[in-house]
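J.: Dropping the structure in here first, questions after.
Every number in this text was worked out from the coordinates using simple rules, so none of it is lab data. Given the structure is predicted, the values throughout are model-derived calculations rather than measurements. Glycine also receives a Cβ, built like all others from the backbone with ideal geometry; neighbour counts cover every protein chain displayed.
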Amino acid sequence: MVFISGQVGVAPDGRLAADFRSQVEQAFANLEMALAAAGGSFENVTKMTVFLTDIANQIGIYREVRDRHLGTRPPPASTALGVAALAMPGMMFEVEAVAVLPA
């Protein structure tokens, strides 16, 4: 099992993406890199938890990006939480995941 937390919309150069969609895209790119580093992919994800600073207005965009990254498979078990703030000013999205890798 692999536990990945704290994937946010910060690019490798340290810059925070400007808008919500860009932050979600970058967070999923970061999650994909972390999964690959562990020898896995989105196919191995069994649970996701996401944190959104404006859940009512952001949940649809998040689901759209998530579904594109997961492909045609059903989404894993997931929890979406609305939060007042995240680690950095301007940060609007964070994702964590649990993946089960093949033996």
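J.: Filtering the range 49-86 down to residues that are assigned to a loop (DSSP other than H, G, I, E, B) and touching a Gly at 6+ places or on another chain (Cβ under 8 Å), which residue is surrounded by the most Cβ atoms within 10 Å (Cβ to Cβ)? Break it down into steps so the answer makes sense when it comes.
T.: Going through the range 49-86, the residues assigned to a loop (DSSP other than H, G, I, E, B) turn out to be 53-54, 71-76, 83-86.
Within this subset, residues satisfying the condition of being touching a Gly at 6+ places or on another chain (Cβ under 8 Å) are 53-54.
Values: T53: 18, D54: 12.
Among them, the one singled out is T53.
J.: If you don't mind, another one. For the range 12-29: of the residues being over 12 Å from H69 (Cα atoms) and among the hydrophobic types (A, V, I, L, M, F, W, C), which is surrounded by the fewest Cβ atoms within 10 Å (Cβ to Cβ)? Outline the logic, then answer.
T.: If we filter the range 12-29 for residues that are over 12 Å from H69 (Cα atoms), which is where we start, we get 12-23.
If we keep only those that are among the hydrophobic types (A, V, I, L, M, F, W, C) too, we end up with 16-18, 20.
Values: L16: 16, A17: 20, A18: 10, F20: 19.
Only one residue tops the list, namely A18.
J.: Checking the condition touching a Ser or Thr at 6+ places or on another chain (Cβ under 7 Å), surrounded by 12 or more Cβ atoms within 10 Å (Cβ to Cβ) and not aromatic (F, W, Y), which residue from G90, G9 passes?
T.: On the way: G90 fails: touching a Ser or Thr at 6+ places or on another chain (Cβ under 7 Å).
Answer to the selection: G9.
J.: If you don't mind, there's one more thing I want to ask. Just the residues that are of a type in the set (G, A, S) and either touching a strand residue (DSSP E or B) at 6+ places or on another chain (Cβ under 8 Å) or assigned to a strand (DSSP E or B) (or both), please, taken from the range 9-29. Step through it out loud before you land on a result.
T.: Applying the first criterion (of a type in the set (G, A, S)) to the range 9-29 yields 9, 11, 14, 17-18, 22, 27, 29.
Within the range 9-29, G9, A17, A27 meet the criteria.
J.: What's the number of the condition E32 fails, among (1) surrounded by 15 or more Cβ atoms within 10 Å (Cβ to Cβ); (2) part of a loop (DSSP other than H, G, I, E, B); (3) out of contact with any strand residue (DSSP E or B) (no Cβ under 7 Å at 6 or more places or on another chain)?
T.: Unmet for E32, out of (1) surrounded by 15 or more Cβ atoms within 10 Å (Cβ to Cβ); (2) part of a loop (DSSP other than H, G, I, E, B); (3) out of contact with any strand residue (DSSP E or B) (no Cβ under 7 Å at 6 or more places or on another chain): (2).
J.: Mind listing whichever residues of the range 2-44 are of a type in the set (F, W, Y) and either without any contact (Cβ under 8 Å) to a residue 60 or more places away in the chain or touching a Leu at 6+ places or on another chain (Cβ under 6 Å) (or both)? Please lay out each step first, then the result.
T.: So the first thing to find is which residues in the range 2-44 are of a type in the set (F, W, Y), and the list is 3, 20, 28, 42.
Across the range 2-44, the qualifying residue is only F42.
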